[in-house]
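For reference, the structure is listed below as structure tokens.
The values are calculated or read from the model by the stated rules, or taken from the named source; none is laboratory data. What you are looking at is a predicted structure, and each value in this text was computed from that prediction instead of being measured. All Cβ positions, even for glycine, are placed from backbone atoms using ideal geometry, and neighbour counts span all protein chains on display.
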Amino acid sequence: MNALQWGASPAEIGIALGMALVVWVAVAALELWPRSPAPALAGERQRLPRRRTGAPARLLLLAVALFALVVLVARPVRLVVTGRGDAVLLTPGASAGDLAAAAAAGLPAWGLPPAPGEPPLPAGAPELPDAAGLVRLHPEASRLRVAGFGLSRWELAELSLPVVAPRPPALPFGLARAAWPRRLPLGAPFEVHGQIAGAPAGGATVRLAGPPLEAVAARLPAGSSPFVLRATPRGPGRHLLELRLEAAGRRPANAQLDVEVVAEAPPAVLWLDEAPTPEGRELKRWLSAAGAPFAWRAQPTRGVTRGEVVGVPGLAGSALTSLTPGLLRRFDLAVASPRALAALGGGERAALDTAVRDGLGLLLRAGRENDPVALGVRFAARPLPGGGELAAHIAWRDGESAALPLPARELAPAADLLPLASDRGGRLLAAWRPLGGGALGVTLVDDSWRWVLEGHAADHRRLWRETITALARPAAVPPRWEVPPGPLLVDAPVTATITGVEGAPPAATVRDPAGRLLPLAPRQDADELSRWSVTFWPRQTGWYAVGEGAAASALWVASASAWTVWRLAGREEATAARMAAPSVATPTRELVRRPLPLPRWPPFLLLLAALLGLWIADRGEGPAAAAPRPRS
Amino acid sequence: MSQPLPRPSSHDTLALEAGPTSANADAAVAAAAEVLARLARRWNRRRQHAAALAGLGVGLTLAVAAYRLAPPASWLPVAAGLLLPVVAALLLARPGRATSSALGEHLDRRLPPLAESSGLLLVEPEASLPGRPSPPATLSPLQRLQRRRTALALLAMDERALVRLLPWRPLHRGLAVLLAGGASAALLLALPAPRSPAARARAAGAARSPAHATPTPWLRALTVTIEPPAYTGRPSRVARTLDVAVEEGARVRWRVEVAPAVRTVALLLDESLPVPLRAAGPRVFTAVETVRAPRLVRLVLLGARDVLWRSPPARLELLADRAPTLELLAPKATPVERPAARPGALAVTIALADDYGVAGAEVVSTLASGSGEQVAFAERRLPLAVRPTPARQVVYATIDLATYGLAAESELYLRVEVRDRRLPAPNVARSPTIVVRPAGTRQESAALGAGIPVLVAPELFRSQRQILIDTEQLIAAQPRLSAAEALRRSRAIGFDQRALRMRYGTLLGQELEEGRPTGPEDELGGREAGPPGVPGGLVHEHDSAESATFFADPVRRRLRAMLAAMWDAEGTLATGVPRTALPHERTALRLLKEVQQADRVYVPKTAGEGAPLDPSRRLGGELRGVHDLAPRAPERAASPVVAAALALLAALDGGATPLTTTARDGVLAPAALAILRPALAARARAGSAAALAALPALDDVATATAAQRQALTRGLWELVPPPQAPTRSTAPAGSLWKRYRERLGAAAPPGGGG
């Protein structure tokens, strides 16, 4: 609700009005008073009395001019109702329109300096040193309206004020989000998930390359779209990979992704079957060529056992005659057919059950069983409508496998089942559930060796690699410092966390690229006492190492100007999260009427127009009076 | 150009005033006219000089442009560009008719004593020659007087001064054009010339070549002479770089001139095979090699004690001699059937081509004569006349089939073989085989009844399954067919069925007459014959030779039943009711397959003697003496190349940091490098740019620059295969995750899943 008021005091306005009135009356009297003509001098042309025909118009113009003067003196203001302490904060991406809108709304506006690479603030915006400076310099500000992409997470940490952010501008072309694992066991695929923004109409190409892996690329449509790129590093070590985004007519965006690949012992697989099968033979061929431990045991008939061990030192095939707890501890995953399970003795069954509850993975190859059962757990399989054979294309995250003929049935989904493999139609073909400390899985995908014969060995390897990784006993790793996924930048805080430290606080050090060691004081998590964290601000680009010994982690810190679009997207996210956060209690908003001076140019223009009119009127009068008039 | 004006002398003035005689005056006029003519000639010469200068200026520019743009060593355009403008300018500057009057006007302008009257001197100059009549009356006396005055005034002037008075502007202009031409020519010479694609390619190759020119003071000159094999017809050529592409079998001669400090020079082939160069003079070494495979070449200069310089590796690429191409143009189709009595001649047309020319071609014929197991083969070769050119050529040959022995019960197989001139062994290309056989010699295995006009399909393709398929197709198509067409097709299938029945009938010793079996009726029905009271199948018929020897009794029974089914099908098909024939056909097929299965013999593939079986241990579960297969399998050894590459990569650490001392001691051992070097060389030979770039860095890893280490890192990663082994997930450390997993696993009771 706006109302018109005056900036000058009533006395000032009264004096101005009075003076204007006096002036007008005086001029009106002079204009309208009848005057006698002056005596004519000899030789001079006789001056005729001036005809005062335009006097009312001139007086009207004079009145207008005086009114404009009075208005200029009185300084009219508009009262705008705003919240007490409201202010506008201009962040990177704010436009001159935002600044003008703040001025129009009668709100103070300040800008925060953009980080390197970010869009600059509009010209003329008063700049604050940083977010914390706002609280110190303008303690009256109690509620911020944010223009632009918003505030970063650590800037918001400095501000406890409620924040309102209208719709942020569209992100420029670049990588808006990216997440990747910083540490990988050798052989595991490196997957980078991300999202691009601002791709032009022709689409964009995102490419992951680096010396230790085969380059992979994905074509993305226009606008903002997510992507997943997957490649397997060839060897161990600290690798710096390049993620490149290209589009026609745009400058390519480059980013560096760090990953530390460590060689770890592959899982040991125990294959239990009633007879040697091509499936087991293919798995043996693959795992023995890959250097992974593998053993198979077949029981063609009760009491007769044949077995073979590859790559398990100190274990002979004859040791597989009986499954003992000691034997099962040497393996991470057991793959069994229903008949092989049924042929187990009571002691073997108990040993297997105990081993699974202690962490061993057990995969049941369902074969043609209707409702396969393992260790007392029944998995429900149901035939597909129509029967016959199912040409299953296993759906990967980044594609699908070649067709594999399977019996037409699927696993019935259940709340405690985690999918392991599904076909592209969404039919669940393999799943698992936790059982004690281990995992119990079932698969309907059989005879996958056919893939290898048909030239699709990669599909076979991928199915079994994912199955083994999901079910095998997890590797126990000592506590290690970890940082959240995403890029790390110079001059941005890095928080490293270590979990599983019992007792004394862990030693927390950071070694910078120059080799300097910086000791840090870890802080203990209030909820989980075995979790500790440290925060540090890297000051230079390069490899940092957090922690020492087995707990150490390698991190690549990119330059402060890198990942610009990611930073802008982070500002958006953090600001939106602050807006949505219920913890920030919005104080009762006290409304105040804030005087907003009206623009001075309209009365000034009015004054000019009136004066111009007066001048023209006078000019029009002059020549007419000066011209010799014909005598009558 | 202001020259001091010559003034007439006082003597001349007096003579004029005294009134000269007419003869004297004429002589003066004539002399003045001669002076004017001389002056005009001088002026013309000056103009011509100026034109020549201008032409030279233009010609210079043109000549330089021609020199830059024309192919090297072609001087004609340059000479033409230089001379033609000069000639053209001289032609254009020929003396014009207006030259004398123009000279007069010029003198009038420059010499006031001539009183604007030099034109009078030019009027009929022949009239003023000595010995001629006096000037005509066209000139008034006053004009004549003035002419005399002018002549005297002119004669009074110094002729050299008059020459200097002639206009210098043409000469100045010519000089200016010459200067401008010279400047533009210099500019053209200085500008980088546009190069031909070939020159660009050469330059690019030279830029790529690491051993271009002399990259080190130790190496004074390097010449690689490539002598392609004579049969290629290519001239020998010379290169200045190590990376050259040579023809297969070419002799490559490296000639190296070195600084005095160099004692020995060697070529390192494929990073592993050193070839020392022979001293061919003071500080000159040579080596000759015949190249039959792509190599990787390095030049190593050795001093008295150690290696002075080692060139980066360069690819010696091989331009392989491709096998000739051969296209059989005629005959278009094979087999070719000819009447056995008069087979006539067969025209064979082939198109040949080869990259270096065809050495020879011949028609190879193989005659298979005889039948059954008495087939004899005879091979003949007929050389063809070919031109030894690389271009495509078409060769015609006419094979007289009778001469080659084609007769009844024989087949002739023809093919064309072409060989090129490759040494030591030529490339050979062969055409598809043309089969020539006598027409109409194939016999049906059983005599078919006459009177059924059908197209006979080859007996090869006739089978019970095909008859079944044909019948099903006919049933499907029957609604769309006319009744006559359906009947015709049904009868055709019936004909096939009949032929098949008779073929199988002969196996049972059926006698056939006009296609009808003449045996006892019960055999056709498949009914078993035997003494009454004895079940069928238990009877052994000793009276039939076939029954006793050829087939077991169940097989024979099935065969009879099959023939009966075929008979039924045949009859139904002949009446145009294929739908009724279908069950009989199916029965016949099933029985036929059963007979085939019964007749199958399993022959195991055995490579050697197996261990003798011990029947006492059979199914006993006794494993004593049965060994695992694993100890017999060879141990899987980690690839030393991969291990060395990974170790060096770990030491390099991405090329970011210098090597540590331990890394130098451990990784850079000569053995490790000796493993890596050939592996990288093999990849470089195969075309890997990363491997080629990595090799120089391997020479001195410890002191390599950051860029070299990065190149080495890239090259080494190419040697590492992708890992194959599966991985394990990692459990978060601490008790929190363990508690979570255990509670999660205990949440669902056993048996509750799914």
Taking B:Ala279, is it without any contact (Cβ under 8 Å) to a residue 24 or more places away in the chain, more than 30 Å from B:Arg422 (Cβ to Cβ) and surrounded by 13 or more Cβ atoms within 10 Å (Cβ to Cβ)? yes
Tell me, yes or no, whether the range A:456-464 has at least one residue that is of a type outside the set (Lys, Arg) and surrounded by fewer than 17 Cβ atoms within 10 Å (Cβ to Cβ). yes
Collect the residues in the range A:520-545 that are farther than 30 Å from A:Ala255 by Cα, within 13 Å of chain B (Cβ to nearest Cβ) and not in a strand (DSSP E or B), keeping them in residue-number order. A:Asp525, A:Asp527, A:Glu528, A:Leu529, A:Ser530
The range A:359-370: number of residues that are touching a strand residue (DSSP E or B) at 6+ places or on another chain (Cβ under 7 Å) and surrounded by 15 or more Cβ atoms within 10 Å (Cβ to Cβ): 8
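Quick check on the range A:313-332. Is at least one of its residues more than 8 Å from chain B (Cβ to nearest Cβ) and on the phi > 0 side of the Ramachandran plot?
There is at least one residue in the range A:313-332 that is more than 8 Å from chain B (Cβ to nearest Cβ) and on the phi > 0 side of the Ramachandran plot.
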Residues of the range A:462-488 being part of a strand (DSSP E or B) and either away from chain B (no Cβ under 11 Å) or without any contact (Cβ under 8 Å) to a residue 40 or more places away in the chain (or both), in sequence order, are A:Ala476, A:Leu488
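Being at pLDDT below 80, more than 23 Å from B:Arg45 (Cβ to Cβ) and among the polar types (S, T, N, Q) narrows it down to one of B:Ser140, B:Ser101, B:Ser134, B:Ser118, so name that one.
Exactly one of B:Ser140, B:Ser101, B:Ser134, B:Ser118 is at pLDDT below 80, more than 23 Å from B:Arg45 (Cβ to Cβ) and among the polar types (S, T, N, Q), namely B:Ser134.
Going by what's in this entry, would B:Ala650 be described as buried (at least 21 other Cβ atoms within 10 Å of the Cβ), over 38 Å from the mean Cα position of the chain (by Cα), at pLDDT 80 or above and within 13 Å of chain A (Cβ to nearest Cβ)?
When the stated conditions are applied, B:Ala650 does not pass them.
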Could you check B:Pro634 against (1) within 12 Å of another protein chain (Cβ to nearest Cβ); (2) modelled with pLDDT of 85 or more and say which number it fails? (2)
Determine which member of the set A:Ala218, A:Ala209, A:Ala197 is modelled with pLDDT of 90 or more, under 25 Å from the mean Cα position of the chain (by Cα) and within 14 Å of another protein chain (Cβ to nearest Cβ). A:Ala209
Restricting attention to the range A:423-444, report how many residues are more than 23 Å from A:Thr354 (Cβ to Cβ) and surrounded by fewer than 23 Cβ atoms within 10 Å (Cβ to Cβ). 6
Just checking, how many residues over the range A:443-474 are aliphatic (A, V, I, L, M) and under 22 Å from A:Pro276 (Cβ atoms)? 7
Mind checking which strands (runs of 3 or more DSSP E) fall wholly inside the range A:253-330 and carry at least 2 residues that are closer than 30 Å to A:Ala545 by Cβ? A:253-262
Of all residues in the range B:235-262, which are farther than 19 Å from B:Trp218 by Cβ and not small (Gly, Ala, Ser)? B:Pro235, B:Arg237, B:Val238, B:Asp243, B:Val244, B:Val246, B:Glu247, B:Glu248, B:Arg251, B:Val252, B:Arg253
Being in contact with a Gly (Cβ under 8 Å, 6 or more places away or on another chain) and crowded, with 18+ Cβ neighbours inside 10 Å is true for just one of A:Leu245, A:Leu272. Which residue is that? A:Leu245
Is the range A:497-519 home to any residue that is within 11 Å of chain B (Cβ to nearest Cβ) and without any contact (Cβ under 8 Å) to a residue 12 or more places away in the chain? yes
I'd like to know if the range A:520-536 contains one or more residues that are within 28 Å of B:Pro723 (Cα to Cα) and surrounded by 19 or more Cβ atoms within 10 Å (Cβ to Cβ). no
Within the range A:343-451, which strands (runs of 3 or more DSSP E) (wholly inside it) include 2 or more residues that are of a type in the set (A, V, I, L, M) and more than 37 Å from the chain's Cα centre (by Cα)? A:361-365, A:389-396, A:399-407
If you check A:Ala265 against the conditions, is it within 13 Å of another protein chain (Cβ to nearest Cβ) and within 41 Å of the chain's Cα centre (by Cα)? yes
Yes or no: the range B:199-215 includes at least one residue that is in contact with a helix residue (DSSP H, G or I) (Cβ under 8 Å, 6 or more places away or on another chain), at pLDDT 85 or above and either of a type in the set (Asp, Glu) or surrounded by fewer than 18 Cβ atoms within 10 Å (Cβ to Cβ) (or both). no
Restricting attention to the range A:439-461, report how many residues are within 10 Å of chain B (Cβ to nearest Cβ) and out of contact with any strand residue (DSSP E or B) (no Cβ under 6 Å at 6 or more places or on another chain). 1
I want to confirm something. Restricting to the range A:226-242 and keeping residues that are in contact (Cβ under 8 Å) with a residue 60 or more places away in the chain and facing chain B (nearest Cβ under 7 Å), which single residue is surrounded by the fewest Cβ atoms within 10 Å (Cβ to Cβ)? A:Leu240
crowded, with 22+ Cβ neighbours inside 10 Å and in contact with a Gly (Cβ under 6 Å, 6 or more places away or on another chain) - does that describe any residue in the range A:215-225? no
Could you check how many residues of the range B:701-749 are part of a loop (DSSP other than H, G, I, E, B), facing chain A (nearest Cβ under 7 Å) and crowded, with 16+ Cβ neighbours inside 10 Å? 12
If I filter the range B:327-340 for residues that are touching a residue at least 12 places away in the same chain (Cβ under 8 Å), over 16 Å from B:Leu401 (Cα atoms), in contact with a helix residue (DSSP H, G or I) (Cβ under 9 Å, 6 or more places away or on another chain) and in a strand (DSSP E or B), do I get at least one hit? no
